[in-house]
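Student: What follows is a structure written as structure tokens; I'll ask about it next.
The values are calculated or read from the model by the stated rules, or taken from the named source; none is laboratory data. All values derive from a computational prediction rather than experimental measurement. Every residue, glycine as well, gets a Cβ built from its backbone with ideal geometry; the counts of neighbours run over all protein chains shown.
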Amino acid sequence: MIRAGIDVGSTTVKGVLLDDSGNVLFKSYKRHEARQSERVLELLEKFEELAGGEFHLFMTGSGGADIAKALGVKFVQEVNAVSLAVETLHPDVNSVVELGGQDAKMIFWLESGGKRRKVTTMNDKCAGGTGATIDRIVNKLKLPLEVATSIEFDPDKVHPVAAKCGVFAETDINSLQKAGVPSDELLISLFNAIVVQNLAVLTRGYTLRPKVLLLGGPNTFFPALVGAWRYHLERMWQEKGIEFDSDSILLPKLSQFYAAFGAALYGSYEESPYKGKEGLVTFRAVYLKEMKRKTGERGLLKPGESLREFKERYAVKPFKPKTFKPGEKVRAFLGIDGGSTSTKAVLIDERGELIATAYTLSKGNPLADVKEIVGQLKESVEGQGATLEVLSVGVTGYAKEMLKETIGADVAVVETVAHTVSAQHFFSDIDVIVDVGGQDIKVMMLRNGEVKDFKLNTQCSAGNGYFLQSTAEKFGYRVEEFADVAFRAEFAPRFNFGCAVFLEQDIVNFQRLGWEPHEIMAGLAKVLPKNIWLYVVKEPNLRKLGRRFLLQGGTQKNLAAVKAQYDFIKERVPDAEVFVHPITGEAGAFGAAVLAMRNYTGSTRFVGVDRLLSMEFTVKSDETTRCHFCTNRCQRTFITVSTSSGERTYIIAPCEKGTALDLEGVKSVLGRLKQVEQENPNLQEYAAKRVFESFPVERVYQRKLFGLVPRTGVIEKRRSLKVGIPRVLNFYALAPFFRGYLEALGVEKFIFSDYTSEKLVREELRGGAIDPCFPSKVALAHVRNLLKKSPDVILFPKVATLKSLFKDAEGSHACPTVTATPISVKSVLTKEEDIFKEKGITFLDPLLHFDDEELLKWEMFEAFKELLNLTRKESDRAVDEGFKALDSYYRELRSLGEKILRKVEAEGRIAILVLGRPYHNDPGINHGITKELQKLGYPILTIDSLPLKEEFLKKVFKGQDPFKIRHVWKKAYSENSSRKVWAALYGANHPNLALLDLSSFRCGHDAPIYSVIEEIVEKTGTPYFTFHEIDENRPAGSIKIRVETIDYFLKERMAKEFGTLKEEVAV
């Protein structure tokens, strides 16, 4: 009997037809473009043509279950289908990695009691690290498929890219692309990140042992991805002592068909006769309409609404460039916005009126884009016989630094400021500016004409213009057609707001249920405002923000997006006025031009239009441009510009040192930075180092037992003992206690893991058992790092409670994820083999309660009594010494904090108070955000450095008991959450402090206090900025935007509040 298998995946439909012997008679691989059931019907017609109606049919894949039900045939879970195919064709394979459009899975065959058992792991809701991510990036890079599929992996061409989420990866790729990194290196970096991410998360503590089979479309079509798997797997096997050879990693023929092939093979064991395709035809015709009516929501137009009237009111009117007389001299200011997906430019005259606009989609090189659009602007003026004179140039957007240096721009301004200036030029009394661009969402809240707060998507570009564009293109439509297509939908599926990759998963589910592309596009338009207000801004109460809303950014050209936002705002603020910027796509460029006009002093650095257009340049980013001024060896981009006056090279680098060509240049850069840092101490950075150092304690060990028996051997053993401590989690608050305790008992040798870094994560974070918040997840890398340093013992306690600072707190619990992290780490490192036992290292993870000193003394004694041959008396006294060391640490920090506060008070300046958890002092966790602010001239304080002297407490708490917080935070049971709320109270009432709230992605304890802290600071008008959802990847572009925006607004505030001289707008 002929057997058929169909795999309905998230992006493709695969089918195979097998004869009685299992030979492939026919195979098909097609993208379904949201028409899953149509593609299946086409495939069934082909099967009928080849086999008649006499065959057995089995369905599999993420979209196969409903179709199987409609056809009356059996559905095979795809893991089982793949497993059967592998076990039949490759019985010697031990591991499988399959990457699909939005699915990723690993299958492990383990030997247990002489039998092989199968373990499977799969990605859950997120499609980061799968084919969907690759598709989006290849499309963005505009790489021809034949080029993308011919690139080979080269580890020397890897740049930092995050693949935890596809949109995070896209943001990193965008920043690298704007810096001039070649497309082949970007794709190699993406593949490297995908492999690292899947090894870190999807292995769940198991090891991919040879032979490893690579399956799925991405592995099949991209040799560089296979090369990345080979590179990382072979390195891992080498480290673990696992034997391998050149055949240990296999990419079989037809690897993309294994799920369909395995489904068909089920016909050897079960029957599933094909009954014809009528059931699927009926399913499509009858069921779908009723399902849509019941489960969907109304489309973009309500009954009685006129689409024509809405278009007349909100469609951006086509701009008509000004006309000029032949011979007329046109003096103008040029504004350029090098955005994430496009480059825009405008010319304005000396009165600030718009002369001309230009736009081009990014081709991967900002200089090439700028030459094109400036050429367009020149033609719009000089094509009429007039002469163009550019008086000054302003630049903004991702590429502003490169453009400032290469074309000689006079003003380089952060996007948020450029968009605010542009909005205020056209509209008065605007309360909220909503700017939705290609990858950025910026929301600025104004009061009395000044920006009082702003929100920016720091990690994720959910709901952005590029996502809508790429979805439309996936369905076969141009982005310009999006609105007309979406307005056709009577009903639309209800999307859950959130990450763009989660939305992609919803799209797959809705396709499977039969929703058509135009309906899905309408649903995506309707979810856009939810993503803006509930996901990025996290403010459902729009009324409190005002009633005049301005929509701008390129996405607002899409009237479906505008209609969805209009309805969302009007439902919550019925008397709201909603406007669309008249040059919405070029708003940032216009703001840059206005700022160039305001700062014009009669001269310009601009190279000139003709020199720009004749400018030739080369972009180089390879091993010869790599920086060697530190151990990171970061990749740099050299842009060599050739003009009539000669060549000049500009360097784009991740840090200041990289911008130097030689050691003398580095010394000069470091000298300037050192002076700034000395004048503006960063106590977060200081605390991260000082917390692991030694503080004076008394040696309390007993030299003689009962005053008679010498203990020389015991003491010497303690002195020679090497104690390893990972630099993670609550060690950033408690390390002085543990070190003081051990030093008091005679322990002298301490080994610490390296600080969190990209290198540490890349080399050590493989095979994690769970994927919690990054601070917890990275603990595994720290312990692995310690294992290489050969300590005798690794101390990683399960800290359940902390010592409370407050009189009225319900509790002082530590985060339960943090408490349980040592358990997770131990589980991973003992799952297949006990790494600690193999290396002769003791892993010590006692449960500790710091809120009960007597209980803590007992717990510490029980933990260390055998290891150190302790007496209870010694241990109890050592606990006292540990607390003494901890107190010394805190007193030192508060003394330094006091000096900073007194200094900024005297100088009329602002210091930044970081509201963070202890581990946010780790430079690899905070991503150097405070370091960047320090470089701009702001001292940095931490919660633990706030002075507790009465004069300060009286000043900020104004008659309130300074150690009671339940009047603002009643659920005060988590100590670090309570400390953040307390610090917000402290900082909100000090005129020289601005608050910076750091919170890690998935922090369940921080989420409930976001609104509490916002309410506290709103009452006093204190500057308050947030970096919520900090994660593993470092979104350098977004961080830079936020830091520069914070700097701009704080300088504005200092000028207003203290009369401090405000620096130029130009960066």
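Student: Is the range 448-464 home to any residue that is basic (Lys, Arg) and within 30 Å of Val527 (Cα to Cα)?
Tutor: yes
Student: In addition: Go through (1) under 28 Å from Asn139 (Cβ atoms); (2) not assigned by TED's automatic domain parsing to the domain that holds Gly408 and name the single condition Gly304 misses.
Tutor: All conditions pass for Gly304, except number (1).
Student: Scanning for something in the same structural domain as Leu802 (by TED's automatic domain parsing), within 28 Å of Phe836 (Cα to Cα) and in contact with a strand residue (DSSP E or B) (Cβ under 9 Å, 6 or more places away or on another chain), does the range 703-713 turn up at least one residue?
Tutor: The answer is no, given that none of the residues of the range 703-713 is in the same structural domain as Leu802 (by TED's automatic domain parsing), within 28 Å of Phe836 (Cα to Cα) and in contact with a strand residue (DSSP E or B) (Cβ under 9 Å, 6 or more places away or on another chain).
Student: Scan the range 293-318 for residues that are under 27 Å from Leu550 (Cβ atoms), modelled with pLDDT under 90 and surrounded by 15 or more Cβ atoms within 10 Å (Cβ to Cβ) and jot them down.
Tutor: Selection gives Val316 alone.
Student: Next question, about the same structure. Across the range 985-1025, what is the total count of residues that are under 20 Å from Phe774 (Cα atoms), surrounded by fewer than 22 Cβ atoms within 10 Å (Cβ to Cβ) and among the hydroxyl-bearing types (Ser, Thr, Tyr)?
Tutor: Qualifying residue count, the range 985-1025: 1.
Student: Quick one: which of Leu901, Leu870 is touching a Phe, Trp or Tyr at 6+ places or on another chain (Cβ under 8 Å) and not in a helix (DSSP H, G or I)? Don't jump to the end; show me each part of the working.
Tutor: Details: Leu901 fails: not in a helix (DSSP H, G or I).
Every option except Leu870 fails the conditions.
Student: Ok, one more. State all residues of the range 927-969 that are of a type in the set (A, V, I, L, M, F, W, C) and in a helix (DSSP H, G or I); if no residue qualifies, say none.
Tutor: Ile929, Leu933, Ile943, Phe952, Leu953, Val956, Phe957
Student: Further, regarding this structure: Could you list, in sequence order, all residues of the range 321-369 that are under 19 Å from Gly554 (Cβ atoms) and out of contact with any strand residue (DSSP E or B) (no Cβ under 6 Å at 6 or more places or on another chain)?
Tutor: Passing the criteria: Ser340, Thr341, Lys363, Gly364.
Student: Considering the range 825-839 alone, what residues qualify as being touching a residue at least 40 places away in the same chain (Cβ under 8 Å) and more than 34 Å from the chain's Cα centre (by Cα)?
Tutor: Residue satisfying the conditions is Lys839 alone.
Student: Moving on. Just to be sure, is Gly924 over 25 Å from Asp453 (Cβ atoms), in a helix (DSSP H, G or I) and in contact (Cβ under 8 Å) with a residue 24 or more places away in the chain? Spell out the reasoning first.
Tutor: Values: over 25 Å from Asp453 (Cβ atoms): yes; in a helix (DSSP H, G or I): yes; in contact (Cβ under 8 Å) with a residue 24 or more places away in the chain: yes.
Answer is yes for this residue.
Student: Within the range 796-809, identify whether any single residue is assigned by TED's automatic domain parsing to the domain that holds Pro846, surrounded by fewer than 23 Cβ atoms within 10 Å (Cβ to Cβ) and more than 30 Å from Lys971 (Cβ to Cβ), and answer yes or no.
Tutor: The answer is no; no qualifying residue exists.
Listed here are the residues, each with its yes/no results for (1) closer than 14 Å to Asn531 by Cβ; (2) under 22 Å from the mean Cα position of the chain (by Cα); (3) assigned to a loop (DSSP other than H, G, I, E, B); (4) at pLDDT below 90.
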position	(1), (2), (3), (4)
Lys455	yes, yes, no, yes
Cys460	yes, yes, yes, yes
Phe467	yes, yes, no, yes
Phe482	no, no, no, no
Phe495	yes, yes, yes, yes
Val501	yes, yes, no, yes
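Student: While we're on this one: For residues that are assigned to a helix (DSSP H, G or I) and among the hydrophobic types (A, V, I, L, M, F, W, C), scanning just the range 401-451, find the one that is surrounded by the most Cβ atoms within 10 Å (Cβ to Cβ). Talk me through it step by step, then tell me what you get.
Tutor: Just the residues of the range 401-451 that are assigned to a helix (DSSP H, G or I), to begin with: 401-407, 415-426.
Still in the list and also among the hydrophobic types (A, V, I, L, M, F, W, C): 402-403, 407, 417-418, 421, 423, 426.
Values: Met402: 25, Leu403: 25, Ile407: 25, Val417: 25, Ala418: 30, Val421: 22, Ala423: 24, Phe426: 16.
Step by step, filter the range 401-451, then rank; the result is Ala418.
Student: Still on this structure, please answer the following. Looking at the range 852-870, is at least one residue charged (D, E, K, R) and touching a residue at least 60 places away in the same chain (Cβ under 8 Å)?
Tutor: No, the conditions are met nowhere in the range 852-870.
Student: Mind checking which helices (runs of 4 or more DSSP H) fall wholly inside the range 645-741 and carry at least 2 residues that are touching a residue at least 24 places away in the same chain (Cβ under 8 Å) and under 35 Å from the mean Cα position of the chain (by Cα)?
Tutor: Result: 663-679, 683-690.
Student: Would you check if Gly740 is touching a strand residue (DSSP E or B) at 6+ places or on another chain (Cβ under 9 Å) and among the small types (Gly, Ala, Ser)?
Tutor: Working: touching a strand residue (DSSP E or B) at 6+ places or on another chain (Cβ under 9 Å): no; among the small types (Gly, Ala, Ser): yes.
No.
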